[in-house]
1. Quote the charge dipole size of chain A about the Cα centre in Debye, to the nearest 20; the model charges only the Cβ of Lys and Arg (+1) and of Asp and Glu (-1).
2. Counting Lys +1, Arg +1, Asp -1, Glu -1, what net charge surrounds A:E207 among other residues with beta carbon under 15 Å of its beta carbon?
3. Return B:H268, A:H72 ranked ascending by Cβ neighbour count within 10 Å, so the fewest neighbours appear first.
4. Return B:I215, A:I261 ranked ascending by Cβ neighbour count within 10 Å, so the fewest neighbours appear first.
5. Compute the FRET efficiency between B:D87 and B:Q109 as 1/(1 + (r/R0)^6), taking r as their Cβ-Cβ distance and R0 = 30 Å, and round to the nearest 0.05.
6. Given the alpha-carbon gyration tensor of chain B, what are the semi-axes of its equivalent ellipsoid in whole angstrom, ordered largest first, with each equal to the square root of 5 times an eigenvalue?
7. Do you know the relative contact order of chain A, to the nearest whole percent, from alpha carbon pairs under 8 angstrom that are 6+ apart?
8. Please compute the contact order of segment A:123-246 in relative form: average sequence separation of alpha-carbon pairs under 8 Å and at least six residues apart, divided by the residue count, as a percent.
2 protein chains.
Amino acid sequence: MKQVSASKAYEGVQHVYSHPSEACGGEMTFALYLPPQAEKSTVPLLWYLSGLTCTHQNVMDKGEYRRAASEHGVAIICPDTSPRGADVPDEKDNWQFGQGAGFYLDATQEPFSRHYNMRRYILSELTDLVAENFPVDMKRQGIFGHSMGGHGALTFALRNPDRFRSVSAFAPIVQPSTADWSRPAFEKYLGSDPANWREYDATNLIEGGSRISEILVDQGTADQFLDNGLRPWLLRDACQKAGIDLTLNMREGYDHSYNFISTFMADHIAWHAARLAA
Amino acid sequence: MKQVSASKAYEGVQHVYSHPSEACGGEMTFALYLPPQAEKSTVPLLWYLSGLTCTHQNVMDKGEYRRAASEHGVAIICPDTSPRGADVPDEKDNWQFGQGAGFYLDATQEPFSRHYNMRRYILSELTDLVAENFPVDMKRQGIFGHSMGGHGALTFALRNPDRFRSVSAFAPIVQPSTADWSRPAFEKYLGSDPANWREYDATNLIEGGSRISEILVDQGTADQFLDNGLRPWLLRDACQKAGIDLTLNMREGYDHSYNFISTFMADHIAWHAARLAA
C-alpha cells in the first residue's frame, strides 16, 4: 500500500492510498478520511460508493463530507468505481460501461471477468486492507453512495445485513436490471440471462426476500435521470410490500450533481452516526 | 452575459456565467452563489479571489462555501484569475505567470497590457455587471481570497476602504513585490521599476499609509509556501506599526490546499456576515 497524499482537514486527515489489487488485476486507489477521534480510539467506518464516471476523487473534492465526519467521529472510505489501467477492457466513448462504470458487481463474462470484480474488491480485499491498517471498528460499518453507487450501497447492504448496520443513498439506481443506462452493462458483464442479474438489483433482492430494517434515500425532483434511470418509486413499492422502513425525501428543485449531494451530506452522515454509535 | 449553468445547492442556486470583457479582451467566466434569501431581498456580496493556477471553478468545487453562505444570507462571487484564450499571451510551462496568474493587477507592459487587467475587470467591469443583474446590495461588499487571491483581496480592500466593509484571507501573499513566485511576474506585467509595484503590495500599501480597521488571516503551519512565498509575519509587523487590527490564526498542521481553506471557510464567512449585516 502506498500513501499518495495526506492533508489535514477539519482536524482529521484526508488520506489517499493506492495498492495492487488481485480482484481488479491492477493498481487501485482509494480515499480515506480519518476524523480526529481516530487518533485516540477506533471509529466507525462509513463506505461511500460513487457514481458513473467518478473515481475516488470526485466525492473527495465535491462531497463536503469531512465537516460532519469530524463532528461525529466517523471514518469515510471512498473507493474507485472500476478497475483501471491500459490493459483493462473498456469502451472509451461509453460512459455507462467499462472504466468508471464497474457497477459494483463481479463480472462472469470474458474479457471482463479478469478485472471487473468490484464487489469482491470492496467487500473482501479492500475491507481486509482497511481493517488491518487503520483504527476503524469493523463491527460498526455503514454504507452509502450516489446513483450507481447508491445501487452498490443498497445491494451490498441487502446481501450483507449483518455487516452493514446502516445504509442510505443519494439518487440511487434502484432497479438497474431494467434501467436504460445499466441494463446493457449488466448484459455485457453478467451475460444475457436476467436471472443472473437479480443479486445486483436492489428491488429484485427485496422482492426475493432480502431484508434490512431501514433505508434513507434523498432524491432531487429536478434530476435529469429521475424517470428513466432512477425511479425511486420502484424501491418505495418494494419496501412497502416487504415492511422495510424507507425514508424517501424528494428534494424540490435539486439535480443529480454534487450540489445536491453536498447539501444533504451532513444529514446522511448524522443518520449513519446515530446508528453506528457504540 | 450567458448562463453556463445553474444548480440548486443549500436552498440557493450556484450559477456560472460567461460574458465578453473589454478589460480582458475576451470572454470571461465567473461563478455566483445566490443564497435563498436573495429570492426576497438584496443580500450582501462577498468576493472570493482564487490563487495561482485556479479558474472560477476550483473554489466552487472544493471551497465548501455554500452552506455558510446560505445560513448567513450572503452572495459569493468567484471570478477567474486571469484573462483566457488562445490569443492571450502566456507562458505554458510557468504556473506563476500568464494565464491562471493574473495577480489582480493592470499590466502596463506590452504585450500583456491588452488582456491582463484583472483589477479593472473585477473592480469596474464585473462589479457593474453584477450590480445590474443580480439582487445584491453593493453598499454591503466584503472580499476574501486565497494565496494570490489573498493578495488581491488585501490590496483591493486597502485601496478601496469605502467599498469593502470587510476583508480576510487564507494564506495570502502579503508582500508579492519581494516573494520568489510573484516578483518575476510583477516585473513582466509592470516593468522593472519597483516603485510601480507598490500599489499591488499589501505591506507596501500599509507602510505607505493605506488604512483599514481590521483584517482576518488564517495560515497553515504546514504550508509549503509559508517561508518563501507567504510570510504572514511581514503583514503582522506592518499592521502593528499602522494600528490595524489583524487577527492572524496560525493553524497547526494545515497545508496550502482546499482542505485547509474549506476547514476555515465557515469561520471567514461568519466573520464577513457579521460586518456586512444591515
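Read-outs throughout are calculated quantities, based only on the coordinates presented, and are distinct from any laboratory measurement. Since the structure is predicted, the reported quantities are computational estimates derived from the model, not experimental observations. In this analysis, Cβ positions are derived from the backbone assuming ideal geometry, glycine residues included, and neighbour counts consider all displayed protein chains.
1. Value, rounded to 20: 560 debye.
2. My count for the surroundings of A:E207 gives +3.
3. A:H72, B:H268
4. Taking fewest neighbouring Cβ atoms as first place, the list is B:I215, A:I261.
5. After rounding to 0.05, the efficiency reads 0.95.
6. 26, 23, 17
7. 17
8. Here the relative contact order equals 25 percent.
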